[in-house]
Amino acid sequence: MPPRTRYTAALKGGYCPSHVDTRLENGKRVCEICSAYYKRRYRKLVSEGFCCSHPTIPVVPGQARCRECVQIKQLRDQILKQEVVDAYGGKCQCDCGCSESIIGFLTVDHTANNGAEHRKQIGRGIYRWLKTNNYPKDSFTILCYNCNCGRSRRDDKLCPRKIA
Ligand SMILES: [Zn+2]
Ligand SMILES: [Zn+2]
Ligand SMILES: [Zn+2]
Ligand SMILES: [Zn+2]
């Protein structure tokens with residue numbers, strides 16, 4: 001088998017691609033040994049000021065990656081955010097009729113108002129989390145920053161534009 005196929009097959013079967021006898025814990029992509037190794041390598045490179053994917057290229061100050069990697073990551077994040085926004089209707093879902101669709105103005109809203117608690121559970125990767133969990137519609141929606149902030153400042157959670 002070509003390496004790529006073997007890699008995918010090991011993962012699919014629930015085994016570490018580098019230690020094909022080691023079963024993976026739920027949802028993990030590498031075994032404990034590999035993950036400890038990657039973490040060590042990552043920390044060493046970052047502490048020496050080199051990109052974690054390009055060990056010979058210096059990082060952008062304050063980041064763990066080189067300029068190219070930072071740009072690729074930003075692009076990936078942007079594409080991911082667009083996917084999430086599209087899955088939730090592609091525009092601000094506020095019932096004030098706002099319909100803001102410029103992606104830079106849009107953000108995820110926890111309709112159950114447990115945002116802080118949920119962020120603690122899943123970390124900062126809310127867009128990735130939503131995609132992996134097949135965009136749950138019962139407790140999340142997309143709002144623009146205006147509607148989101150305006151609503152969150154009121155006890156009744158109504159959009160100020162609706163009341164104005
Ligand atoms: Zn391994
Ligand atoms: Zn890099
Ligand atoms: Zn809005
Ligand atoms: Zn609104």
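The values are calculated or read from the model by the stated rules, or taken from the named source; none is laboratory data. Everything numeric in this text was worked out from a predicted model, so none of it was measured. Methodologically, a virtual Cβ is constructed for each residue, glycine included, from the backbone with ideal geometry; neighbour enumeration extends over all protein chains shown.
Cys52 meets each of the listed conditions (1) surrounded by 14 or more Cβ atoms within 10 Å (Cβ to Cβ); (2) more than 30 Å from Ala9 (Cα to Cα); (3) within 16 Å of ligand 2 (Cβ to nearest atom) apart from (2).
Per-residue answers, yes or no, for (1) more than 16 Å from ligand 3 (Cβ to nearest atom); (2) in contact with an Asp or Glu (Cβ under 9 Å, 6 or more places away or on another chain); (3) not assigned by TED's automatic domain parsing to the domain that holds Trp129; (4) not small (Gly, Ala, Ser):
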{"residue": "Tyr15", "(1), (2), (3), (4)": "yes, yes, yes, yes"}
{"residue": "Ser18", "(1), (2), (3), (4)": "yes, no, yes, no"}
{"residue": "Glu25", "(1), (2), (3), (4)": "yes, yes, yes, yes"}
{"residue": "Gly62", "(1), (2), (3), (4)": "yes, no, yes, no"}
{"residue": "Cys98", "(1), (2), (3), (4)": "no, no, no, yes"}
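A single member of Glu32, Glu25 is farther than 24 Å from Cys69 by Cβ, near ligand 1 (Cβ under 9 Å from one of its atoms) and out of contact with any His (no Cβ under 6 Å at 6 or more places or on another chain), and it is Glu32.
Step by step: first the residues of segment 138-164, then only those that are surrounded by 14 or more Cβ atoms within 10 Å (Cβ to Cβ) and of a type in the set (D, E, K, R), then the one that is nearest to ligand 1 (Cβ to nearest atom). Which residue is that?
At the first step, the residues of segment 138-164 found to be surrounded by 14 or more Cβ atoms within 10 Å (Cβ to Cβ) are 140-144, 146-148, 150-151, 158-162.
Filter once more, keeping what is of a type in the set (D, E, K, R): 151, 161-162.
Values: Arg151: 47, Arg161: 53, Lys162: 54 Å.
In this case the residue turns out to be Arg151.
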